[in-house]
Amino acid sequence: MRIVFNKTVAFILCIALTAIPFSALSVCKANAAEPVVVVIDPGHGGKNLGTDYLPIPEKMYTMTVALHMKEQLEKYQNIQVYLTHTEDIDMSLKERAEFAASVNADFLFSLHFNMSLSHSLYGSEVWVPSTGQLYSQGYSAANEFLTQFDEMGLFNRGIKTRIGSNGKSDYYGIIRESTLRNIPAIIVEHCHVDNINDTPCIQSPEKLKEFGVRDAEAVARYFGLVSKDGQTDYSGYAPLAVPVPTSRVCNDTTEPSYVAANLLKYDQTGKYATVELTAIDAESVIQYYSYSYDNGLTWSALQPWTKGSPTMTVSIYMGYGKKDTLIFKAYNLYDKSTDSNVIKLQ
Ligand SMILES: [Zn+2]
């Protein structure tokens, strides 16, 4: 079944969200009487390596970061931290959610590292539940993680939902199984292990520790924790308040509807082309563009799109040799792309 989050649905959802009173907003604070229970899920394990593009498989990265995250979180008051597993074992997604339920988890954070088949994608992203209060809590916590990764210089690939083919539940098992148990769960994809933009962030034990520490800081901010030594106090911090959606928040399954390129200037001496790009997608934001000056035979690396803007002006170095054409692609939040018109240079 094809799920389309069309303009009408978006409009209705916007109206519905606007009408929600503030008291219904998702605000999650640590209760002084009861400790916050956090479950960290190191993604993969055992025979399930996860991404194995690099000699070190994903399961090793996730465990290392999870242990640092736990250590950092335990520097805070009023929190109980568990890992779904500490040994290198196979564990089903259902078992992970069952574990979280068995300890009365307030939140499950599933840690992952990403790669793309094309090896062209880069940056961090977080997958969140698609419904109700779980969506609001997931989105708000995800925002804290992406803020941390942004400070590391990683590209923000956004906060996303993904619906299964039946259209009635979340696609990702850990989110689906946790939703069944009414536990907010998010999948934190820290960065892409197969892209040179991101690999500096995983190339040393210190960098992996930084991910763990920043993951913990995201959680501490979200729950408004205070450190045991009193040095860090997030009790007055307000995480993003996300209205509870009245219907399922679906992923965008279609390409950008309109992409156009308008040549402003072609400096043949300096070999630069200045182009105004326009890209429109009613269902999600534009996040990358790329270009080709050999009629689409080869494409540039993905370049960041100016967030939230339908247009941007770019300056493309055309290199040596005669170039006849220039074409662009614009990519949306879900990496679906649309080609622009062809600019004729000669
Ligand atoms: Zn993974």
Can you pull out every residue in segment 80-133 that is under 25 Å from residue 207 (Cα atoms), within 16 Å of the ligand (Cβ to nearest atom) and among the charged types (D, E, K, R)? 88, 125
Flagged in segment 49-59 as touching a helix residue (DSSP H, G or I) at 6+ places or on another chain (Cβ under 8 Å) and more than 9 Å from the ligand (Cβ to nearest atom), in numbering order, are 49, 52
Read through the list (1) modelled with pLDDT of 90 or more; (2) surrounded by 15 or more Cβ atoms within 10 Å (Cβ to Cβ); (3) away from the ligand (no atom under 12 Å from the Cβ), then give the number of the only condition that residue 30 fails. (1)
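Please return the ranges of strands (runs of 3 or more DSSP E) entirely within segment 233-346 where 3 or more residues are within 19 Å of the chain's Cα centre (by Cα) and under 30 Å from residue 145 (Cα atoms).
Per the criteria, 286-292, 325-332.
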In this structure, does residue 158 turn out to be away from the ligand (no atom under 15 Å from the Cβ) and not in a strand (DSSP E or B)? no
Which ones in segment 133-152 are over 14 Å from the mean Cα position of the chain (by Cα) and free of Cβ contacts under 8 Å to residues at least 60 places away in the same chain? 134
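Results for (1) touching a strand residue (DSSP E or B) at 6+ places or on another chain (Cβ under 6 Å); (2) modelled with pLDDT under 95; (3) in a loop (DSSP other than H, G, I, E, B), shown as yes or no for each residue.
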site: 166; (1), (2), (3): no, yes, yes
site: 174; (1), (2), (3): yes, no, no
site: 183; (1), (2), (3): yes, no, yes
site: 187; (1), (2), (3): yes, no, no
site: 190; (1), (2), (3): yes, no, no
site: 196; (1), (2), (3): no, no, yes
site: 214; (1), (2), (3): no, no, no
site: 218; (1), (2), (3): no, no, no
site: 222; (1), (2), (3): no, no, no
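Quick grid of which residues meet (1) hydroxyl-bearing (Ser, Thr, Tyr); (2) touching a residue at least 12 places away in the same chain (Cβ under 8 Å); (3) within 23 Å of residue 252 (Cα to Cα); (4) outside the structural domain of residue 123 (by TED's automatic domain parsing):
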site	(1), (2), (3), (4)
279	no, yes, yes, yes
283	no, yes, yes, yes
298	yes, no, no, yes
304	no, yes, yes, yes
313	yes, yes, no, yes
319	no, yes, no, yes
323	no, yes, no, yes
327	no, yes, no, yes
Would a scan of segment 289-302 turn up a residue that is buried (at least 19 other Cβ atoms within 10 Å of the Cβ), among the small types (Gly, Ala, Ser), over 17 Å from residue 122 (Cβ atoms) and at pLDDT 95 or above? no
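The values are calculated or read from the model by the stated rules, or taken from the named source; none is laboratory data. Every value quoted in this text rests on a predicted model; they were computed, and no experiment measured them. Methodologically, a virtual Cβ is constructed for each residue, glycine included, from the backbone with ideal geometry; neighbour enumeration extends over all protein chains shown.
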